[in-house]
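Visitor: Shown below is the structure under consideration.
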């Protein structure tokens, strides 16, 4: 039987299913207490299943029999694509299971930032009752979402799901910035394609970042691009943290270049508790939890197991990346 390492916690029944077909080492603490056992198993491993592992040419040299890395998540930017391609090692991911759940969080962050929900929550817990906009002395004004313009950077699975929610649920005008047009979304949600990023940013009331991370999208949102947004606009990131220059974002939020932000991802995670962004009241933050519902995580694990099994059995996986 082939050898696999599961380096992230998964459901017991899926682990038992894998053990029927493979020699399984279950090492979810591979970075700490199980590090020695993990290193010892690398020379004979055929498949890896987990998420977030950093791996390039140096690491692959330690695994001459490796055939596949099956990611439980949608992202795979911690894996060196060129090194994997040269070594002829497959990469799979699990994007389908989390689409709707991440779209839900995107809209949740958008609403929380626009209506200042977390700011009011903190005030009430501090015994500072905020009466609302009718009280001009203590009122805390929010921003309407209904019939505003939402701009989506990256109209893939999740971006399309966000467009559906915004258009059908909130009557929003949908615009999107991608290299190519998505005619189905244009028909279904009356979405308008903006190939020019500056024009796109100038038109949007809410900008939702969903572009995959690459050299091209590194710090796509920076001092220059934030300056193109309306001063009443909000920035939402549920995609990849490194697509945003956080220093520029902080300055834009602090100086009123933009109105607010909702952030689920950061350049370095976990975010440092002393990070300047966390000092701002016009920022809502969550802990990279776009897919964090029990049902969704279960589906992601199931899909990752199926992908791993397919590759090791010489079959085509459902979600091949490489």
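Laboratory data are not the source of any read-out in this text; all were calculated from the coordinates shown. These figures come from a predicted structure and were not determined experimentally. Cβ: placed from backbone, ideal geometry, glycine included. Neighbour counts: every protein chain shown.
Visitor: How big is D for the range 38-79, in µm² s⁻¹ as a whole number, if Stokes-Einstein is applied with the Kirkwood radius of its Cα pairs at 37 °C and 0.692 mPa s? Kindly include the intermediate steps, with their values, before the conclusion.
Guide: Values: Rh = 10.7 Å.
Estimated via Stokes-Einstein, D reaches 308 µm²/s.
Visitor: Over all directions, average the projected area of the Cα convex hull of the range 98-285 and note it in nm². Mind dumping the intermediate values first?
Guide: Details: hull surface 43.6 nm².
Value for the range 98-285: 10.9 nm².
Visitor: Right, another one. What is the extension gain from residue 214 to residue 124, computed as 0.36 nm multiplied by their sequence separation minus the C-alpha to C-alpha distance, in nm to one decimal? It would help to have the intermediate numbers written out before the result.
Guide: Values: separation 90, 0.36 × 90 = 32.40 nm, distance 4.16 nm.
Extra length available between residue 214 and residue 124 comes to 28.2 nm.
Visitor: Calculate how steeply helix 99-114 sits against the longest principal axis of the alpha-carbon atoms of the chain, using the helix alpha-carbon long axis, and give the answer as 0 to 90 degrees to the nearest 10.
Guide: 30 degrees
Visitor: Here is a further query. Any idea what log10 I(q)/I(0) is at q = 0.07 Å⁻¹ for the chain, Debye with uniform C-alpha scatterers and no solvent?
Guide: Those come out to -0.33, one per q.
Visitor: Want the number for residue 269 to residue 251: 0.36 nm per residue separation, take away the alpha-carbon distance, what's left? Don't jump to the answer; show the numbers that get you there.
Guide: On the way: separation 18, 0.36 × 18 = 6.48 nm, distance 2.03 nm.
So the extension gain works out to 4.5 nm.
Visitor: Separate question: Taking only DSSP H segments of four or more residues, each worth -39500 (n - 2.57), what value at 222 nm results for the chain once the sum is divided by all its residues, to the nearest 500 deg cm²/dmol? Could you put the intermediate results ahead of the total?
Guide: Values: 12 runs with 114 residues, N = 322.
After summing the helix terms and dividing by residue count, I get -10000 deg cm²/dmol.
Visitor: Modelled label-to-label distance, residue 61 and residue 293, 7 Å Cα→beta-carbon offset: nm?
Guide: 4.6 nm
Visitor: Pick from 65, 100, 164 the residue whose mean-square fluctuation is largest in a GNM of the chain, springs joining Cα atoms under 10 Å.
Guide: Result: 65 has the largest fluctuation of those listed.
Visitor: A further question on this structure: Exposure proxy check: 170, 84, 206 ranked by fewest other beta carbons within 10 Å? Please report the intermediate quantities before stating the final value.
Guide: Working: 170 17, 84 22, 206 31.
With the fewest neighbours first, 170, 84, 206 line up as 170, 84, 206.
Visitor: Going by alpha carbons, how many degrees (0 to 90, nearest 10) lie between the helix axis of 294-312 and the longest principal axis of the chain?
Guide: With rounding to tens, the tilt is 40 degrees.
Visitor: Further question on the same structure: Of 19, 268, 62, which has the largest mean-square fluctuation in a 10 Å C-alpha GNM of the chain?
Guide: Comparing 19, 268, 62 in the GNM, the peak value goes to 268.
Visitor: For the range 214-322, what relative contact order do you get, as a whole percent, if you take Cα pairs closer than 8 Å and at least 6 residues apart? Could you put the intermediate results ahead of the total?
Guide: Values: 125 pairs, mean separation 23.1, N = 109.
Computed over the range 214-322, the figure is 21 percent.
Visitor: Please list the three semi-axes, largest first and in whole Å, of the ellipsoid equivalent to the range 178-283, using sqrt of 5 times the eigenvalues of its alpha carbon gyration tensor. Numbers along the way, then the final one.
Guide: Numbers: eigenvalues 120, 50, 29 Å².
Equivalent ellipsoid of the range 178-283: 25, 16, 12 Å, largest first.
Visitor: Between residue 282 and residue 31, what length comes free when the chain is fully extended (0.36 nm per residue of separation minus the Cα-Cα distance, one decimal in nm)? Can you show the working numbers first?
Guide: Numbers: separation 251, 0.36 × 251 = 90.36 nm, distance 3.57 nm.
Taking 0.36 nm per residue and subtracting the Cα distance, the gain is 86.8 nm.
Visitor: Under the classification rounded if a/c is under 1.5, otherwise prolate if a/b is larger than b/c and oblate if not, where does the range 1-104 fall, given a ≥ b ≥ c as square roots of the Cα gyration tensor eigenvalues?
Guide: oblate
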